Amino acid sequence: MSKKKEAAKAINDDITEFYEAMKHVVPLTASDRTILEPEKPAPHPRKKNPFILYDPAFETANANDANLPEISADDEWSYSGPGVSHQTLRRLKRGYWRICDSIDLHRLTQDVAKHRMTDFLNAALQKHLRCVRVIHGKGLSSQDGIPVLKYSVGNWLAQHPAVLAFCQASPENGGGGAVMILLKSKEHKQ
């Protein structure tokens with residue numbers, strides 16, 4: 001007998017034995033109990049993809065204020081996101097990455113500046129730019145000399161999922177009136 005025929009006979013023998021063993025089985029009677037189905041586990045949240053255009057309605061309720069220092073017009077400041085090494089921030093400060101594009105937000109209201117900056121960052125991500133500059137001004141002409149837009153830009157950048165780090169621009173790139181921003185590359189996709 002061939003191997004195929006032997007395998008088919010063995011399967012038929014198993015089925016016959018099963019039916020023979022089950023011939024006296026009687027279904028259970030229905031009970032009056034309610035049978036609860038187990039709850040399905042909650043789905044795991046997806047990680048944000050920084051290469052999807054970011055919604056201009058920043059999550060201001062979850063502002064990352066605690067990570068940003070209080071600043072004045074003369075202060076030098078910087079920010080690095082979670083998991084970003086100090087070396088990366090140092091490289092950004094030293095100009096390791098060339099500034100590929102910039103936007104000037106001088107004299108704009110906060111709402112207009114937020115939308116323009118969001119559009120600018122989204123365009124930079126689509127172009128796969130790594131380092132960009134936002135010129136926000138020093139706030140010297142604002143009421144009480146407080147750099148409102150500078151501080152707002154810092155908060156917005158700290159909340160943006162594609163921003164790895166930012167720091168005050170070097171004097172030749174705008175000094176205290178601008179920030180250099182390091183954006184995630186495709187390799188940083190999470």
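The values are calculated or read from the model by the stated rules, or taken from the named source; none is laboratory data. Model, not experiment: these values are computed from the prediction. Neighbour counts run over all protein chains shown; Cβ positions are idealised from the backbone, glycine included.
Brief remarks on what is shown
- Taking the conditions (1) farther than 20 Å from GLN110 by Cβ; (2) charged (D, E, K, R); (3) in contact (Cβ under 8 Å) with a residue 40 or more places away in the chain in turn, LYS150 satisfies each one other than (1).
- Qualifying residue in the stretch 87-100 (condition: crowded, with 18+ Cβ neighbours inside 10 Å, in contact (Cβ under 8 Å) with a residue 12 or more places away in the chain and more than 21 Å from the chain's Cα centre (by Cα)): yes
- Condition met for ARG107 (more than 19 Å from ALA158 (Cβ to Cβ), surrounded by fewer than 18 Cβ atoms within 10 Å (Cβ to Cβ) and either of a type in the set (A, V, I, L, M, F, W, C) or touching a Ser or Thr at 6+ places or on another chain (Cβ under 9 Å) (or both)): yes
- Neighbours by Cβ (under 8 Å, 6+ apart or cross-chain): first from the stretch 1-16, without any contact (Cβ under 8 Å) to a residue 40 or more places away in the chain; second of a type outside the set (Gly, Ala, Ser) and not in a helix (DSSP H, G or I): LYS9/MET1
- Yes/no for SER185 being touching a residue at least 24 places away in the same chain (Cβ under 8 Å) and either surrounded by fewer than 19 Cβ atoms within 10 Å (Cβ to Cβ) or farther than 20 Å from LEU92 by Cα (or both): yes
- Flag for SER31 being modelled with pLDDT of 75 or more and among the small types (Gly, Ala, Ser): no
- Taking the criterion of being among the charged types (D, E, K, R) and closer than 26 Å to CYS100 by Cβ, the residues of the stretch 124-147 that qualify are LYS127, ARG130, ARG133, LYS138.
- Pick from the stretch 131-190, criterion of a type in the set (Asp, Glu) and over 23 Å from the mean Cα position of the chain (by Cα), ranking: nearest to PRO82 (Cα to Cα): GLU172
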